[in-house]
Amino acid sequence: MRAGRLVDRFGLVRDGQRDRWREELDGFFRGVDLLLTPTLAAPPIAAEGWSRRSVLANSRMATFMPFTGRWNLAGYPAMSVPAGVHPCGVPLAVQLIAPDGGEALILSVARQLEELRPWRRHAPLSGIESDSADPLTTDSTAV
């Protein structure tokens, strides 16, 4: 909430910006059913210590997420779904974005992706898994 107050205080999002952005997107979505973007621009920074750092120090994380905020501002339906594992071991994801009213389409595509390549229901614990199999293809029903 502090970050939101700072955005308002410094006028980082001005009246009309959202409306102009939506007008551009309305034209784009006339010819596109669904947009796919990366969720993150790079592997995330370590989360350790976030609660002890300032809002400004944590704002650096925004450079890793340049794709998600724009869609939050626009108010279009969007969701992130698992899309593999980075060589360093962290999960990767893609963001599905649809025009207004496209929630059912996003959920349908996400379901199809999961059926084609099931994803885990929980994050792997570091050092617990000894096999190098792709965790997205591991049976998610196994205990």
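Miscellaneous remarks
- Meeting the requirement of 1 or more residues that are surrounded by 11 or more Cβ atoms within 10 Å (Cβ to Cβ) and at pLDDT 80 or above, the helices (runs of 4 or more DSSP H) wholly within region 1-89 are 17-29, 68-74.
- Scope region 70-107; condition under 9 Å from the mean Cα position of the chain (by Cα) and not β-branched (Val, Ile, Thr); matching residues: Ala78, Met79, Ser80, Ala93, Gln95, Leu96
- Residue selected from region 90-108 under the condition of a type outside the set (A, V, I, L, M) and in contact with a Phe, Trp or Tyr (Cβ under 8 Å, 6 or more places away or on another chain), by the criterion surrounded by the fewest Cβ atoms within 10 Å (Cβ to Cβ): Asp100
- Residue within region 47-64 that is β-branched (Val, Ile, Thr), out of contact with any Lys or Arg (no Cβ under 9 Å at 6 or more places or on another chain), touching a residue at least 40 places away in the same chain (Cβ under 8 Å) and closer than 28 Å to Ala110 by Cα present: no
The values are calculated or read from the model by the stated rules, or taken from the named source; none is laboratory data. Please read these numbers as outputs of a predicted model, since none were measured by experiment. Backbone-built Cβ (ideal geometry, glycine too); neighbour counts: all protein chains shown.
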